[in-house]
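The values are calculated or read from the model by the stated rules, or taken from the named source; none is laboratory data. Bear in mind the structure is a predicted one, so any value in this text is a computation, not a measurement. Heads up, the Cβs are rebuilt from the backbone with ideal geometry, glycines too, and the neighbour counts pull from every protein chain shown. Ligands, DNA and RNA are stripped out before the accessible areas are found, and what is left, the full protein with its side chains, is counted by its heavy atoms. Shrake-Rupley method; radii C 1.70, N 1.55, O 1.52, S 1.80 Å.
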Amino acid sequence: MVTLAQVENARSNMGPDGLVSTLVQNGVISELDVARTLAAQNSMEFVDLENTQVDRKLIDLLDADDARRYQAIPIGMRDGILIIALSDPMAMHNMDGITYKLRREIEFVCSTQEAVKKLIIRYYGDADDAASALLKGVTLPSGTESKEDDDETEKEGDAPIIKLVSLLLLEAYTNRASDIHIEPLETKLRIRFRIDGVLQEMQAPPKRLHSAIVSRIKIMSRSMSIAERRLPQDGRIQIRLGDKSVDLRVSTIPTVHGESVVMRILDKTSLMLGLPDLGFLSDDQAKFEQCIALPDGIILVTGPTGSGKTTTLYGCLNYMNKPDRKLITVEDPVEYQMNGINQVPVNASIGMTFPAALRSMLRQAPNIIMIGEIRDYETASIAVNASLTGHLVLSTLHTNDAPSAIARLVDIGIKPFLVSSSVRAVVAQRLVRKLCTFCRAAGELTEYEMAALQVEPGMLKQASVMRPIGCDKCRGKGFRGRMGIFEMFLVDDEVRNMINNNASTIALRQRARELGMRTLREDGVRKVLSGMTTADEVISTTMSDLE
């Protein structure tokens, strides 16, 4: 029987894992008592796993990574229903995740954390052994180890933290994550990966390790102060995973519960894309190749933040990167380093702004210039002048559609006659998730989807509409990777006259439609009917497309 005095004593000496854990550590209650109580509270059967033997066929239903992530293991079948034991009956997200992955009827039972952990090790192996095998392919930044030896904050006891952070980076990379979010909440630490543009919560270590994890990441960056926790900091980490070099852009910001960390994973191999890999269908690809083969002018890629504009520009640079051409870029920051291209980073603190860099770049006699983003009049003016003096300029703008880019340049302060003389094409884009080719299956469009996408019944005769299923390759999501949907606005003589006469965006859009421009939604429809993505993806991504 637990006394009030014991509870008060535990409360006054409570550790970071809470009151119950402190009572267990003090020997007041046992882990078995806690597990039985939680099982009863959640109307769940308690199972003693001490001498449990499990059929290997059942073990194979749940892979090792998921068993460790969810702290759960299949232990039997009952009337055709799979029985899975887990250690935390209150972790509803774990049960939902397992049910979604296995897509079958499941009965969850409860056992102690230690018993579940031992059974997982018995049938799936020790996670530390698996980690060691994986970490053989991870090479940390040069100089990191020596710095750790000299740093007073690093001790031999920090080795598990070093391994934990390395495993976190490796897991994010192998899952094709673009970002890692480490967020301290009031009572726990939350770790999320952004995979194919969608945040997915992962199993997180105890919150008491948060400070050590953040310090380790700062040390790896070699440019961030582990003593400074009150101000935002930025850094960069470079590691090798096997034969691949991976850059990580690190950002920390103080919150009420500690420092929040976001790491952007910059995989150089993801940039070595051809135009079809970006999502261009054959006819749009032919038009786009004609545009980027022009000797001069401005080609703009537009869209909101996170719509893949930079990846498209790098795809263009990769396509045009030949020994007979000189390419220079000015970026803030330089996210990806590419061989054969002169890349200039912006550094406003020393006066290296976009305009300053552009002026110097023109004296380098380039054939092609890429500007990370046109943000102000001075940058736009230099870009226009560069295009008029025989350079091909690639850049991005933040607009909702392609014709709006013209009005945006005029609003910045560029004269309409200069806009009409310099702009050759504008490409608006969005990103949609691609269906997993390993598990997609034939599907149909609902009446709502057909109406929203303006799909006529006759268009379905030659179509191959697909739907997501979910498998190990796509982590049960049904989608794997992303691609662009595009709206290409080509500037001809009549459009130039309209720009000179201050035509409205609506009038420009009507003329573009007459020239055969497809809207973002129409390009998405083609990809839905080709079985590349789903109607829901296109509808949700192109809500502003009213045509």
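Summary table
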{"read-out": "Unmet criterion (only one of (1) under 30 Å from Leu62 (Cα atoms); (2) buried (at least 18 other Cβ atoms within 10 Å of the Cβ)) for Thr541", "value": "(1)"}
{"read-out": "Strands (runs of 3 or more DSSP E) contained entirely in the range 152-252, each with at least 1 residues that are more than 28 Å from His93 (Cβ to Cβ)", "value": "233-241"}
{"read-out": "Candidate set from the range 180-202 (those that are touching a residue at least 40 places away in the same chain (Cβ under 8 Å), of a type in the set (D, E, K, R) and surrounded by fewer than 18 Cβ atoms within 10 Å (Cβ to Cβ)); member that is nearest to Gly478 (Cα to Cα)", "value": "Glu201"}
{"read-out": "Hey, Glu259 open to solvent by 30 Å² or more (accessible area, probe 1.4 Å) and at pLDDT 85 or above or not", "value": "no"}
{"read-out": "Complete set of residues in the range 392-449 that are small (Gly, Ala, Ser) and within 24 Å of Asn502 (Cα to Cα)", "value": "Ser395, Ala402, Ser404, Ala405, Ala407, Gly413, Ser420, Ser421, Ser422, Ala425, Ala428"}
{"read-out": "Total residues in the range 425-443, condition surrounded by 15 or more Cβ atoms within 10 Å (Cβ to Cβ) and touching a helix residue (DSSP H, G or I) at 6+ places or on another chain (Cβ under 6 Å)", "value": "6"}
{"read-out": "Evaluation of Thr446 against (1) more than 30 Å from Asp96 (Cβ to Cβ); (2) surrounded by fewer than 20 Cβ atoms within 10 Å (Cβ to Cβ); (3) polar (S, T, N, Q) (one fails), failing number", "value": "(1)"}
{"read-out": "Segments classed as helices (runs of 4 or more DSSP H), wholly inside the range 490-547, with at least 3 members that are under 21 Å from Gly197 (Cβ atoms), modelled with pLDDT of 90 or more and not β-branched (Val, Ile, Thr)", "value": "520-529, 535-541"}
{"read-out": "Inter-residue pairs, beta-carbon under 8 Å, first within 8 Å of Leu300 (Cα to Cα) and in the range 390-405, second charged (D, E, K, R) and part of a loop (DSSP other than H, G, I, E, B), 6+ apart", "value": "Ser395/Glu373; Thr396/Glu373; Leu397/Glu373"}
{"read-out": "Failed criterion for Gly242 (all others in (1) surrounded by 14 or more Cβ atoms within 10 Å (Cβ to Cβ); (2) at pLDDT below 90; (3) under 17 Å from Leu167 (Cα atoms) hold)", "value": "(1)"}
{"read-out": "Residues that are farther than 25 Å from Gly235 by Cα and among the acidic types (Asp, Glu), drawn from the range 328-376", "value": "Asp376"}
{"read-out": "Pick from the range 492-536, criterion touching a Phe, Trp or Tyr at 6+ places or on another chain (Cβ under 9 Å) and hydroxyl-bearing (Ser, Thr, Tyr), ranking: least open to solvent (accessible area, probe 1.4 Å)", "value": "Thr533"}
{"read-out": "Checklist (1) under 22 Å from Cys471 (Cβ atoms); (2) modelled with pLDDT under 85 applied to Ile59, failing item", "value": "(2)"}
{"read-out": "Selection count, the range 441-480, where residues are under 20 Å from the mean Cα position of the chain (by Cα) and in a helix (DSSP H, G or I)", "value": "3"}
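Table: residues versus (1) touching a residue at least 12 places away in the same chain (Cβ under 8 Å); (2) within 25 Å of the chain's Cα centre (by Cα); (3) farther than 20 Å from Asp296 by Cα; (4) open to solvent by 10 Å² or more (accessible area, probe 1.4 Å).
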| position | (1), (2), (3), (4) |
| --- | --- |
| Leu358 | yes, no, no, no |
| Asn367 | yes, no, no, yes |
| Ile374 | yes, yes, no, no |
| Ser421 | yes, no, no, yes |
